[in-house]
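S.K.: Could you have a look at this structure, given as structure tokens, before my questions?
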Amino acid sequence: MSSPDERLRAKIPGADTGITTKNSVCDICAPGPHCGVTCYVREGRIIKLEGMEDHPVNRGLLCTKGLAGRQYVYRRDRIMTPLRRVGERGVGQFEPITWDEAFREIIPRLRTVKEEYGPSAVAFFSGYNKWYRPFLQRLCYSFGSVNYGTESSSCFTSTIMSWRLATGESFAAPDLRNAGVFLGWCYNAYYSAYLMQRGVEAARARGMKIIIVDTRITPAVEKQCDLFLRIRPGTDCALAHGIARELILTDRIDHAYIGEHVHGFQPYRDYVMAFTPERVEELTGVPAAQVRQAAAMIGANGPLAVNHSGAALVHSGNGMQTHRAVMALTALTGSYDRPGGMIPAPLTYAHSMAGFTTLDHEFPLEKYPHHQPRPVGAERFPLWDELTGEMQANDLARQIREGTPYPVRAVWAHGMNFRMFGADGELQKALKELDFFVDIDLFLTDTAKLADIVLPCCSSFERGEFKVFGGGYAQFTEPVIKPLGQSRPDDEIICELAKRLDLDDDLLRSGPEACVRYILRETSIDLDELKKDRQHPHRVPGFRPVPPGAHGFHTSTGKFELWSTVLEKYPRFDPLPTYRDSSDGADPEAFPFRLVAGARLPHVLHSRLHDVPWLRSLRPEPMAEISVEDAAALGVHEGDRIEIETAAGRLSIAALPTARVLPGTVHIYHGYREADANALLPPYHNDPYSGFPGYRNTRCRIRRAQEVME
């Protein structure tokens, strides 16, 4: 029998070791996964994390990011107390204050801006975390401001816009269990969305064919691919049209489905006829024979399921139209709302999809201030405004600095990161010009250093929250450890602000749990029952998934719209998913390379994890991937410094020659503050439909750093 000391070193729970286990969720990445985590706790500290075996999402698995969660929680730069700026903005000089002192300064400052400039002069912003967003959005509207915005101004929402134009639904997910062919557009689940690769592997084992479209050779290409279409950045729309043309001309389309359920097929057909395999090869670099092969594989192995990235695919100057073009293939093949195809998946709660609906959407909109002007970005990006109603935060810097069409003088932000924006130096400058700026975060980030007041918030292991998971599951989690220092959960901070401002909002003033009960009031969920066992997700009583074919189409035509009746109202937009050059428009002779900013690494997400020691050790130095051919031409070896220059600026970075990327392209992994690729994007390089920055296709030139010095 092992001794207590041996059991303690092995982190074995028991009365003799003082170790207990509690379950929670990891919220490092997007709200869809939020894997279950079993935490080993001793003397009030987490000493070990592992995947929760019986969680319906991850079934005991955790990725590298989740496994480093303990180091994330206990980072040395955690904010332990409210802070007040005492130096210049950006310098990072603060003094600790109490929560009461913080609110005593915040309340009059927000009220002053509201009285002098109007309530919409205060913008409310959420960074990457999404769990508290219904509360923040309602707070914004109850305050009287229309300017609620989030990092979804650059992530995921463009795909929602595309689906709403086509089907009236907010999202659709691939039915891998029944698919005959999987079109993995920007699919690399070994680095991103790691849980998806299990389903793809299982489906391939039973015979599903896999086509992957990517600019790089990824682990998914090497391990899971029947056909790899290696494409130039930003040309995906042309490839989708070329495949569509071949499906139509070879009569591999579903005529009955199109006749009954598709609007605008004839003008769409006429348009894609110009995208011959030879022209597609010229535009995209994908050989004409492979374009024909892809269409033949799709036509012979349906139904068609598609991976459609909410990031890479839409991060170009023509991103939303590109997404529409890819999704059009599901309409041609009769694969939307059909077994084995794309199944509508409406959002349930806090951007998560669980297969049932709540009043998550209605909860904030009840307080919408209709007498106020349109949100930031409405004039520049009117389609975004119509389909989301939120502030397009990519226009926030301009409006702060110009003051048109009305001033924005204060920002209340949760986890804001100015580096997520294209031409991010513009927002950095704008934040310095504000009258008042509050940021809530776990760490004193470069953005938090610009704030007047910084408030400390909790990680997912230090708070309880209502969660939903796919397959009809819900949970009310409980804290695993006490909040570090004086940190508080974001939802409690929001409700406390509503009280202190004396807003006319009884729900927010009553606290988070009352709000959740209100949002769930038309469901069969009993929050008190969930609270009896907060360690595990529970299946919602009476849950029945909507079967494929029963969702319908919620467009004005009642069909899948290849020709958008929404877009035809706008003279500046194309009702069809048209192709156009999606780069920043710089001279290709002066800037012959294409910069792809934001390529993924398997162990980090954005800039959130580069300061976690375990994860930083896996790639300590930022590097830019270039092809071995380009490296040879430049005389560059691994580790040599190169300069990357765009029309907006230049950056010095170490080179990583590789055969995985195409000649003529440069890939910079995102999140390194010392190698900020987004600073190289021109401020005007946005998709006019969605407002998304063109991270993945900016023209540039590169040279050895030594040449620059010479």
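The values are calculated or read from the model by the stated rules, or taken from the named source; none is laboratory data. Just so we're clear, the structure is a prediction, and the values are computed from it rather than from any experiment. Glycine also receives a Cβ, built like all others from the backbone with ideal geometry; neighbour counts cover every protein chain displayed. Only protein heavy atoms, including side chains, enter the accessible area calculation; ligands, DNA and RNA are left aside. Shrake-Rupley method; radii C 1.70, N 1.55, O 1.52, S 1.80 Å.
S.K.: Which pairs turn up if I take residues in segment 219-246 that are farther than 28 Å from H685 by Cα and assigned by TED's automatic domain parsing to the domain that holds P277 and look for partners that are part of a strand (DSSP E or B) and basic (K, R) with beta carbon separation below 9 Å, at least 6 apart in sequence or on another chain?
M.R.: Partner pairs satisfying both residue conditions: V221/R230; D226/K209; L227/K209.
S.K.: If H667 passes every condition in (1) in a strand (DSSP E or B); (2) of a type outside the set (S, T, N, Q); (3) within 24 Å of the chain's Cα centre (by Cα); (4) surrounded by fewer than 22 Cβ atoms within 10 Å (Cβ to Cβ) but one, which one does it miss?
M.R.: Every condition holds for H667 apart from (4).
S.K.: Looking only at segment 39-51, which residues are closer than 28 Å to P602 by Cα and open to solvent by 50 Å² or more (accessible area, probe 1.4 Å)?
M.R.: Within segment 39-51, R45, K48, E50 meet the criteria.
S.K.: Consider segment 137-179. How many of its residues are open to solvent by less than 10 Å² (accessible area, probe 1.4 Å) and of a type in the set (F, W, Y)?
M.R.: Adding up the residues that qualify gives 4.
S.K.: What about D491, is it without any contact (Cβ under 8 Å) to a residue 12 or more places away in the chain, in a helix (DSSP H, G or I) and among the acidic types (D, E)? Steps first, answer last, please.
M.R.: Numbers: without any contact (Cβ under 8 Å) to a residue 12 or more places away in the chain: no; in a helix (DSSP H, G or I): yes; among the acidic types (D, E): yes.
Spelling it out, it is not the case that D491 is without any contact (Cβ under 8 Å) to a residue 12 or more places away in the chain, in a helix (DSSP H, G or I) and among the acidic types (D, E).
S.K.: Which residues, counting only those in segment 400-412, are out of contact with any helix residue (DSSP H, G or I) (no Cβ under 6 Å at 6 or more places or on another chain), crowded, with 23+ Cβ neighbours inside 10 Å and not aromatic (F, W, Y)?
M.R.: Keep residues of segment 400-412 that are out of contact with any helix residue (DSSP H, G or I) (no Cβ under 6 Å at 6 or more places or on another chain), which gives 402-406, 411-412.
If we keep only those that are crowded, with 23+ Cβ neighbours inside 10 Å as well, we get 411-412.
Across segment 400-412, the qualifying residue is only V411.
S.K.: To continue, here is another question. With (1) at negative phi; (2) in a loop (DSSP other than H, G, I, E, B) as the list, and K11 as the residue in question, which single condition is left unmet?
M.R.: Going through the list (1) at negative phi; (2) in a loop (DSSP other than H, G, I, E, B), K11 breaks only (1).
S.K.: Select from segment 326-347 the residues that are of a type in the set (A, V, I, L, M), open to solvent by 10 Å² or more (accessible area, probe 1.4 Å) and farther than 12 Å from P174 by Cβ and list them in ascending order. Outline the logic, then answer.
M.R.: Applying the first criterion (of a type in the set (A, V, I, L, M)) to segment 326-347 yields 326-329, 331-332, 342-343, 345, 347.
The next check asks that each one be open to solvent by 10 Å² or more (accessible area, probe 1.4 Å); those that pass are 343, 345, 347.
Once the filter is applied, which keeps residues that are of a type in the set (A, V, I, L, M), open to solvent by 10 Å² or more (accessible area, probe 1.4 Å) and farther than 12 Å from P174 by Cβ, segment 326-347 yields only L347.
S.K.: State yes or no: is A289 free of Cβ contacts under 8 Å to residues at least 60 places away in the same chain and of a type in the set (A, V, I, L, M)? Step through it out loud before you land on a result.
M.R.: Numbers: free of Cβ contacts under 8 Å to residues at least 60 places away in the same chain: yes; of a type in the set (A, V, I, L, M): yes.
Considered against the rule, which asks whether it is free of Cβ contacts under 8 Å to residues at least 60 places away in the same chain and of a type in the set (A, V, I, L, M), A289 comes out as yes.
S.K.: Could you tell me whether E115 is charged (D, E, K, R), modelled with pLDDT of 95 or more and surrounded by fewer than 21 Cβ atoms within 10 Å (Cβ to Cβ)? Full working, then the answer.
M.R.: Details: charged (D, E, K, R): yes; modelled with pLDDT of 95 or more: yes; surrounded by fewer than 21 Cβ atoms within 10 Å (Cβ to Cβ): yes.
Yes; evaluated as a whole, the condition is true for this residue.
S.K.: I'm checking my understanding of the structure. Among residues of segment 180-197 that are polar (S, T, N, Q) and assigned to a loop (DSSP other than H, G, I, E, B), which one is surrounded by the most Cβ atoms within 10 Å (Cβ to Cβ)? Write out each step before concluding.
M.R.: Within segment 180-197, the first condition is being polar (S, T, N, Q), and the residues that meet it are 188, 192, 197.
Restricting the remaining residues to those that are assigned to a loop (DSSP other than H, G, I, E, B) gives 188, 192.
Working: N188: 25, S192: 22.
This residue is N188.
S.K.: Would you confirm whether any residue within segment 522-532 is touching a residue at least 60 places away in the same chain (Cβ under 8 Å) and within 26 Å of the chain's Cα centre (by Cα)?
M.R.: Scanning segment 522-532, I find no residue that is touching a residue at least 60 places away in the same chain (Cβ under 8 Å) and within 26 Å of the chain's Cα centre (by Cα), so the answer is no.
S.K.: To continue, here is another question. Please verify whether segment 151-160 includes one or more residues that are in contact (Cβ under 8 Å) with a residue 40 or more places away in the chain, of a type outside the set (G, A, S), within 30 Å of M208 (Cβ to Cβ) and part of a loop (DSSP other than H, G, I, E, B).
M.R.: yes
S.K.: Restricting to segment 54-111, and then to whatever is open to solvent by less than 60 Å² (accessible area, probe 1.4 Å) and of a type in the set (S, T, N, Q), can you tell me which residue is nearest to S459 (Cα to Cα)?
M.R.: Among residues in segment 54-111 that are open to solvent by less than 60 Å² (accessible area, probe 1.4 Å) and of a type in the set (S, T, N, Q), the one nearest to S459 (Cα to Cα) is Q71.
S.K.: Can you tell me which residue among G302, G264, G234 is of a type in the set (G, A, S), at pLDDT below 95 and open to solvent by less than 20 Å² (accessible area, probe 1.4 Å)? Talk me through it step by step, then tell me what you get.
M.R.: Details: G302 fails: open to solvent by less than 20 Å² (accessible area, probe 1.4 Å); G264 fails: at pLDDT below 95.
Among G302, G264, G234, only G234 is of a type in the set (G, A, S), at pLDDT below 95 and open to solvent by less than 20 Å² (accessible area, probe 1.4 Å).
S.K.: Oh, and also: Can you confirm whether segment 261-271 contains a residue that is part of a helix (DSSP H, G or I), in contact (Cβ under 8 Å) with a residue 12 or more places away in the chain, of a type in the set (A, V, I, L, M) and under 20 Å from L183 (Cβ atoms)? Give the steps one after another, and end with the answer.
M.R.: In the first step, residues of segment 261-271 are kept if they are part of a helix (DSSP H, G or I); the result is 261, 265-271.
Those left that are additionally in contact (Cβ under 8 Å) with a residue 12 or more places away in the chain: 261, 265, 267-269, 271.
After this cut, where a residue has to be of a type in the set (A, V, I, L, M) as well, the list is none.
Scanning segment 261-271, I find no residue that is part of a helix (DSSP H, G or I), in contact (Cβ under 8 Å) with a residue 12 or more places away in the chain, of a type in the set (A, V, I, L, M) and under 20 Å from L183 (Cβ atoms), so the answer is no.
S.K.: Among the residues of segment 348-399, write down those that are aromatic (F, W, Y), open to solvent by 20 Å² or more (accessible area, probe 1.4 Å) and at pLDDT 95 or above.
M.R.: Let us first name the residues in segment 348-399 that are aromatic (F, W, Y), namely 349, 356, 363, 368, 381, 384.
Now restrict to residues that are open to solvent by 20 Å² or more (accessible area, probe 1.4 Å): 356, 368.
Residue satisfying the conditions is Y368 alone.
S.K.: Go through (1) in contact with a helix residue (DSSP H, G or I) (Cβ under 8 Å, 6 or more places away or on another chain); (2) over 22 Å from P108 (Cβ atoms) for L503 and report which single condition fails.
M.R.: Result: L503 fails condition (2) only.
S.K.: Out of segment 273-288, which residues are open to solvent by less than 50 Å² (accessible area, probe 1.4 Å) and either at positive phi or of a type outside the set (S, T, N, Q) (or both)? Steps first, please.
M.R.: So in segment 273-288, the residues open to solvent by less than 50 Å² (accessible area, probe 1.4 Å) come out as 273, 275-277, 280, 283-286, 288.
Of everything in segment 273-288, those that are open to solvent by less than 50 Å² (accessible area, probe 1.4 Å) and either at positive phi or of a type outside the set (S, T, N, Q) (or both) turn out to be M273, F275, P277, V280, L283, G285, V286, A288.
S.K.: Mind counting the residues in segment 594-615 that are outside any loop (DSSP other than H, G, I, E, B) and surrounded by 20 or more Cβ atoms within 10 Å (Cβ to Cβ)?
M.R.: Of the residues in that region, 7 qualify.
S.K.: For segment 1-38, how many residues meet the condition of being surrounded by fewer than 18 Cβ atoms within 10 Å (Cβ to Cβ) and of a type in the set (A, V, I, L, M)?
M.R.: 5
S.K.: Name the helices (runs of 4 or more DSSP H) wholly inside segment 56-124 in which the number of residues that are over 27 Å from the mean Cα position of the chain (by Cα) and touching a residue at least 12 places away in the same chain (Cβ under 8 Å) is 2 or more.
M.R.: Values: elements: 64-67, 69-73, 99-117.
Answer list for segment 56-124: 99-117.
S.K.: Consider segment 556-593. How many of its residues are buried (at least 23 other Cβ atoms within 10 Å of the Cβ) and not in a loop (DSSP other than H, G, I, E, B)?
M.R.: Adding up the residues that qualify gives 2.
S.K.: Would you point out the residue of segment 678-700, among those that are open to solvent by less than 10 Å² (accessible area, probe 1.4 Å) and among the hydrophobic types (A, V, I, L, M, F, W, C), that is farthest from the chain's Cα centre (by Cα)?
M.R.: The selected residue is C700.
S.K.: Which condition from (1) modelled with pLDDT of 90 or more; (2) outside the structural domain of P683 (by TED's automatic domain parsing); (3) open to solvent by 10 Å² or more (accessible area, probe 1.4 Å) is the one that A647 breaks?
M.R.: A647 satisfies every listed condition except (2).
S.K.: While we're on this one: If I ask for residues that are hydroxyl-bearing (S, T, Y) and in a strand (DSSP E or B), which ones from segment 616-630 would you list?
M.R.: The first filter runs over segment 616-630 and keeps only residues hydroxyl-bearing (S, T, Y), leaving 617, 627.
Residue satisfying the conditions is S627 alone.
S.K.: Also, quick follow-up: Being on the phi > 0 side of the Ramachandran plot, surrounded by fewer than 24 Cβ atoms within 10 Å (Cβ to Cβ) and in a loop (DSSP other than H, G, I, E, B), is that true of even one residue in segment 439-452? Before the answer, list the steps.
M.R.: Start the filter on segment 439-452 by keeping residues that are on the phi > 0 side of the Ramachandran plot, which leaves none.
Taking every residue of segment 439-452 in turn, none turns out to be on the phi > 0 side of the Ramachandran plot, surrounded by fewer than 24 Cβ atoms within 10 Å (Cβ to Cβ) and in a loop (DSSP other than H, G, I, E, B).
S.K.: From the list V516, V480, which one is surrounded by 21 or more Cβ atoms within 10 Å (Cβ to Cβ), part of a loop (DSSP other than H, G, I, E, B) and either at pLDDT 95 or above or not assigned by TED's automatic domain parsing to the domain that holds H34 (or both)? Before the answer, list the steps.
M.R.: Values: V516 fails: part of a loop (DSSP other than H, G, I, E, B).
Testing whether each residue is surrounded by 21 or more Cβ atoms within 10 Å (Cβ to Cβ), part of a loop (DSSP other than H, G, I, E, B) and either at pLDDT 95 or above or not assigned by TED's automatic domain parsing to the domain that holds H34 (or both) leaves just V480.
S.K.: Given the condition crowded, with 23+ Cβ neighbours inside 10 Å and among the polar types (S, T, N, Q), answer yes or no: does some residue in segment 119-126 qualify?
M.R.: yes
S.K.: How many of the residues in segment 445-475 are acidic (D, E) and under 22 Å from the mean Cα position of the chain (by Cα)? Walk me through it before giving the result.
M.R.: Step one: of segment 445-475, the residues acidic (D, E) are 446, 452, 462, 465.
With under 22 Å from the mean Cα position of the chain (by Cα) added as a condition, the list becomes 446, 465.
Within segment 445-475, residues that are acidic (D, E) and under 22 Å from the mean Cα position of the chain (by Cα) number 2.
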